[in-house]
Amino acid sequence: MLLETKLNDYLLSLLLGIVEGLTEFLPVSSTAHLRLSEALLHIDLASGYWKMYSIVIQLGAIACLPVYFWRRIGALLSTFPKGERGDRTPLTHPLGLTAVAFVITAIPSFLLTKTIGKHLESLAIIGWALLVGGIVMWIVDAMNAKSEAAGPESTGGRIHTWKMEDMSLGQAAWIGFCQIFSGVFPGTSRSMSTIAGGQIVGMSRAAALEFSFFLSIPTMTAATLYTLYKSVLGKGENPIGVSQMSSHQWVVLVIGFVVSFVVAYGAVAWFLAWVRKHGFVPFAIYRIIVGAAVLIWVSKLGG
């Protein structure tokens, strides 16, 4: 029976690692999918260990970005602060713009920590966020579809920023503001907020997506490390100290981290190639279907 329990935990960790890796950077909300997986699999959400586990596998997914983009990051560092054309400043260089968007997101998100925590427990909020976010994503992507098809050589279209290097300070600030919604309303998706926000202010799919990836590195790293700090050191509810963990729990944690990293790496590579050719509409449709299903499920539970 003990062996069976351990095997079940390993399989559960494998499944949750796949879910996190697949959904962290796709505009479908990894938070929503993990929360729904936990509800469907009857995971004890009051458990300090499983709360910490969900944070650690998120770090696994985030860790794939510096590895995947290491050449791109190196190129940006080499051109800082003037940029590849020599017309940028420390504030308007892509790395500076990432920092600006991060600060605009981080301060309100920190102040709203308690509200965010309460919303994470609500499947209804998650369902509505998935549904409404899917509709917004569909509309925004459709608005830009004609310009995307015409390409950067065309003039007069909605898109005027085709590369991250051409972004403005105002665009970065706006995207940082949009990202706040994904924290306050779980299910919105940080990726969806930043991508749709970028498209609204004239960025191409590719430029908005790349900036979304770069912005997620400081944003998600800071958020998850802060939450992990509270969980491990007893600063939050139901804390768990590292010294309390058994060898079995450590193995479960490592499985989730590694699987999340590997799957997220593959998802990022696939997503970049897909978006340039097909856009975001399939993800919008998926969000609408899942959001509606969650709301129906919640209404039946309430009834």
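The values are calculated or read from the model by the stated rules, or taken from the named source; none is laboratory data. Because the structure is a prediction, the values reported are computed rather than measured. Cβ atoms come from the backbone with ideal geometry, glycine included; neighbour counts cover every protein chain shown. Ligands, DNA and RNA are stripped out before the accessible areas are found, and what is left, the full protein with its side chains, is counted by its heavy atoms. Shrake-Rupley method; radii C 1.70, N 1.55, O 1.52, S 1.80 Å.
For region 36-110, what is the convex hull (Cα atoms) projected area averaged across all directions, in square nanometres?
Working: hull surface 28.9 nm².
Result: a mean projected hull area of 7.2 nm².
DSSP loop (so not H, G, I, E, B), at most 15 other Cβ within 10 Å: list which GluC sites (Glu not before Pro) in region 117-179 pass both filters. Present the calculation step by step, with values, prior to reporting the outcome.
Values: sites: Glu121, Glu148, Glu153, Glu165; in loops: Glu121, Glu153.
When the GluC sites (Glu not before Pro) of region 117-179 are filtered for loop state and at most 15 Cβ neighbours within 10 Å, Glu121, Glu153 remain.
Run the 1.4 Å probe and let me know the accessible area of Ser182, rounded to the nearest 10 Å².
Answer for Ser182: close to 20 Å² accessible.
Let's see if you can work this out: charge +1 on each Lys and Arg Cβ, -1 on each Asp and Glu Cβ, no other charges. What is the dipole magnitude of the chain about its Cα centre, in debye to the nearest 20?
On the way: 21 positive and 16 negative charges, 69 e Å.
Computed about the Cα centre, the dipole is about 320 debye.
In nm, give the distance between the simple-model label positions of Ala124 and Asp166, each being 7 Å from the Cα along the Cα-to-Cβ direction.
Modelled inter-label distance: 4.6 nm.
With unit charges on the beta carbon (Lys/Arg positive, Asp/Glu negative), name the residue among Ile107, Gln199, Gln179 whose Cα is farthest towards the positive pole of the charge dipole of region 75-210.
Checking the options against the dipole of region 75-210, the answer is Ile107.
Please name which of Tyr229, Gly127, Met137 has its Cα lying farthest along the dipole of the chain towards the positive end, using unit charges on Cβ (Lys, Arg +1; Asp, Glu -1) and the Cα centre as origin.
Of the options given, the answer is Met137.
For the chain, give the percent of accessible area contributed by carbon and sulfur heavy atoms, probe 1.4 Å, rounded to a whole number. Don't skip to the end; give the middle numbers.
Working: 10030 of 14250 Å².
Whole-percent figure for carbon plus sulfur exposure: 70.
Between Rg and the Kirkwood Rh of the chain, both from Cα atoms, what is the Rg to Rh ratio?
Numbers: Rg = 19.7 Å, Rh = 20.0 Å.
So for the chain, dividing Rg by the Kirkwood Rh gives 0.98.
What is the extension gain from Val103 to Val251, computed as 0.36 nm multiplied by their sequence separation minus the C-alpha to C-alpha distance, in nm to one decimal? Working shown, then result.
Numbers: separation 148, 0.36 × 148 = 53.28 nm, distance 3.54 nm.
Stretched fully, the Val103-Val251 segment lengthens by 49.7 nm.
Using 0.36 nm per residue of separation minus the Cα-Cα distance, give me the extension gain between Ile73 and Lys300 in nm, one decimal.
Working: separation 227, 0.36 × 227 = 81.72 nm, distance 4.80 nm.
Length gained between Ile73 and Lys300: 76.9 nm.
What number, in percent, do you get for the relative contact order of the chain if the mean sequence gap of Cα pairs under 8 Å and at least 6 apart is divided by its residue count? Intermediate values should be presented prior to the final figure.
Details: 438 pairs, mean separation 107.5, N = 303.
It rounds to 35 percent for the chain.
When the chain is modelled as a GNM with alpha-carbon springs shorter than 10 Å, which of Phe271, Phe177, Phe280 fluctuates the most?
Phe271
For the full complex of protein chains and a 1.4 angstrom probe, list Lys277, Lys230 by accessible area with the highest value first. List each step's numbers first, then the result.
Working: Lys277 165, Lys230 45 Å².
The ordering from most to least exposed comes out as Lys277, Lys230.
Round to the nearest 10 and report in Å² the accessible area of Trp174, as given by a 1.4 Å probe over the protein chains' heavy atoms.
Roll a 1.4 Å probe over it and Trp174 shows about 90 Å².
Suppose all protein chains stay in the model; what accessible area per residue would a 1.4 Å probe give for the chain, in Å²? Don't skip to the end; give the middle numbers.
Numbers: 14250 Å² over 303 residues.
I get 47 Å² per residue for this part.
In whole Hz, with x marking every Gly and Pro, tabulate ³J(HN,Hα) for region 259-274 from phi via Karplus 6.51 cos²θ - 1.76 cosθ + 1.60, θ = phi - 60°.
4, 4, 4, 5, 5, 5, 4, x, 5, 4, 4, 5, 5, 4, 6, 5
Could you sort His278, His160, His33, His93 by their accessible area in this structure, using a 1.4 Å probe and putting the largest first? Walk me through the numbers before you get to the answer.
Working: His278 100, His160 125, His33 25, His93 0 Å².
If we order His278, His160, His33, His93 from most to least accessible, we get His160, His278, His33, His93.
Taking a 1.4 Å probe, which of Lys51, Lys82, Lys300, Lys146 shows the most accessible area, and what order do the others take after it?
Working: Lys51 70, Lys82 130, Lys300 150, Lys146 170 Å².
The most accessible residue leads, giving Lys146, Lys300, Lys82, Lys51.
Rounded if a/c is under 1.5, else prolate if a/b beats b/c, else oblate: with a ≥ b ≥ c from the C-alpha gyration tensor eigenvalues square-rooted, which is region 110-226? Before the final figure, lay out the partial values.
Numbers: a/c = 3.01, a/b = 1.68, b/c = 1.80.
Here region 110-226 falls in the oblate category.
What are the extents of the Cα atoms of region 7-148 along their three principal axes, in Å, largest first?
Projected onto the principal axes, the Cα atoms of region 7-148 cover 55, 35, 33 Å.
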